[in-house]
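**Student:** I am attaching a structure below and will ask some questions about it afterwards.
Values quoted throughout were computed directly from the atomic coordinates according to the rules given, and no laboratory measurement underlies them. Everything numeric here is computed off the predicted structure, so don't read it as measured data.
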């Protein structure tokens, strides 16, 4: 079993587009039903897959998600204040 960390970039119909945290040029499309119900864009997930690369499970990384959201918010505030 393999585990990687991904961020939900967006949703397209019945799929979530996930970007690998280590290298955001790596993208996978995962059926929504394979993910926890309450996820949204920006959620960080630990994704488990079998030897063939099939997604077996995904868990939300709450602390990492909150930390990333706070960092983005701080950057936005910094940019807004810089433009005043």
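**Student:** Which angle between 0 and 90 degrees, to the nearest 10, do you get for helix 62-82 versus the longest principal axis of the chain when only C-alpha atoms count?
**Tutor:** The helix 62-82 is inclined about 30 degrees to the chain.
**Student:** Let me check I have the definition right: for the chain, take the eigenvalues of the Cα gyration tensor, multiply each by 5, take square roots. What are those semi-axes in whole Å, largest first?
**Tutor:** Equivalent ellipsoid of the chain: 27, 13, 12 Å, largest first.
**Student:** Turning to a different aspect of this structure: Run the numbers on segment 1-57 and let me know its relative contact order in percent, using alpha-carbon pairs under 8 Å that are six or more apart. Write down the numbers at each step before the final one.
**Tutor:** Working: 102 pairs, mean separation 22.5, N = 57.
This gives 40 percent for segment 1-57.
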